[in-house]
1. How far apart, in nanometres, would the label points at residue 279 and residue 45 be if each is projected 7 angstrom from Cα along the Cα-to-Cβ direction?
2. Show me the ranking of peptides 258-265, 181-188 by mean Cβ neighbours inside 10 Å, starting with the highest.
3. Using the structure shown, select from 29/151; 29/294; 24/163; 175/229; 237/258 the pairs with a Cα to Cα distance greater than 22 angstrom.
4. Which chymotrypsin sites (Phe, Trp or Tyr not before Pro) does segment 42-147 hold that lie in a coil by DSSP with at most 16 other beta carbons within 10 Å?
5. Can you order the peptides 110-117, 214-221, 157-164 by their average number of other Cβ atoms within 10 Å per residue, highest first?
6. Please get the size of the charge dipole for the chain, origin at its Cα centre, with Cβ charges of +1 on Lys and Arg and -1 on Asp and Glu, quoted in debye to the nearest 20.
7. Using the Cα centre of segment 70-210 as the reference point, and only Cβ charges (+1 on K/R, -1 on D/E), how large is the resulting charge dipole? Debye, rounded to the nearest 20.
8. Taking the Cα centroid of segment 44-117 and of segment 275-317, what is the distance between the two, rounded to the nearest whole Å?
Amino acid sequence: MEQKIKLELELIDPDLVMQLCIAKAFEFKGKTKRNPTVGAALVKDGKILEIDAHREFGCEHAEINVLKKVGALAKGADLYVTLEPCATYGKTPPCVNAIINSGVKRVFIGVVDPNPLNIGKGIKVLRDKNIEVFLGFCKKACAELIEDFTKSILEKTTYNILKVAQSLDGRIATKTGDSKWITNASSREYAHYIRSTCDGILVGINTIMNDNPVLDIRLKGYEGFSPKKIVLDTFLKIDEKCKLIEFYSKDLIIFTGKHISQTKKNKLMDKGITIYESNVNEAGLINVKEVTKKLLELNILRVFIEGGAKVHGDFLDNNEVDYSYFFFAPIIIGGKSSISSVDGLGATQIQYAHKLINVHYRRFEDDFLIEGKLKDYSSYVLEKTESVSKLCSLV
């Protein structure tokens, strides 16, 4: 149960402040790359002075942003932050130094840093400087906010999000390959929003050849924001005149096999395209575990998987899907030769089928969406938070 702090002479609900920090942090999903998404607020005399977030990879963290904005007013204030402040040097100096120097009186934290090397370090530094620390506010939501970061720390791979738009009978295209559009405009707009929270959009070569997509974000306010475009292309069959190369060659990453035309590879690389030669499995598919590790090395944390059926199936078969969105349109395509949404080996028995947890349902006009996690990384953070909370201030 979350701690409830009764603040003297203040009419502030700590949980509400933390919820506002979480909401602010989520505005910048997809922009912080390998860094965790974090929100922070400063509260003084019953008023919220400032709320901000970590906005971009390599830039100042959420705590620093709010401290700089309020300046000297931070002295004697309470700092709220969704994640334990860092105590080590990275792209920026340790946040705990700035907190101590600001004169902040108390610090309210959602969850601890999931990095085994850093768990509790920031809290200890603050407490050693006689700053009161309270831990565990909105901890479930704070832990879920950084599940992508937690996975990257624990497994050294990307956080992979699968999106499927299909008919009621599980088809993503007719037998002739026609797939535009299965779901309605509202569903597609929401899918673009999900894209905007990711660092990279991944598809297979068949999707490029059949649909010639641009893989951009067509939402107001996101002009100029372009996640990396990632293509799995075993034999480097990509058409040099496709839209991805025409418009986004410098944002394009291609994973291919080792037996390809080096002439074509060099020609594509001259256009600014990044190409990696990878191992291929018996089915002729790129090794997705190699892909996810390499993408994390490139500071790509959240990968949005959008097609096609072979790619969907291979990521599921390799247990590399962390979250999924399945959009259903109220149509039935039918036909033995129409294209199903998930290919691959699949489960041999129902008990081995991939099961979603924390399932949510939404409607988009006549379409509906089923979404949920296939893996849970928040429980690790919650467990560590509970252990460290014994060291923090009691009320």
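1. According to this spin-label approximation, the distance is 6.4 nm.
2. Numbers: 258-265: 12.0, 181-188: 17.2.
Top to bottom by mean Cβ count within 10 Å: 181-188, 258-265.
3. Working: 29/151 15 Å; 29/294 20 Å; 24/163 25 Å; 175/229 27 Å; 237/258 13 Å.
The pairs that break the limit, which is 22 Å between Cα atoms, are 24/163; 175/229.
4. Working: sites: 57, 80, 89, 108, 134, 137; in loops: 57, 89, 137.
Answer by residue number: 57, 89.
5. Working: 110-117: 22.0, 214-221: 15.2, 157-164: 24.5.
Ranked from most to least packed, the peptides come out as 157-164, 110-117, 214-221.
6. Numbers: 56 positive and 51 negative charges, 127 e Å.
Computed about the Cα centre, the dipole is about 600 debye.
7. The dipole magnitude comes to about 160 debye.
8. When both Cα centres are located, 36 Å separates them.
The values are calculated or read from the model by the stated rules, or taken from the named source; none is laboratory data. The shown structure was predicted, so the numbers you read here are calculated from the model rather than taken from an experiment. Cβ atoms come from the backbone with ideal geometry, glycine included; neighbour counts cover every protein chain shown. In case anyone asks, the SASA skips ligands and DNA or RNA and just uses the protein heavy atoms, side chains included. Shrake-Rupley method; radii C 1.70, N 1.55, O 1.52, S 1.80 Å.
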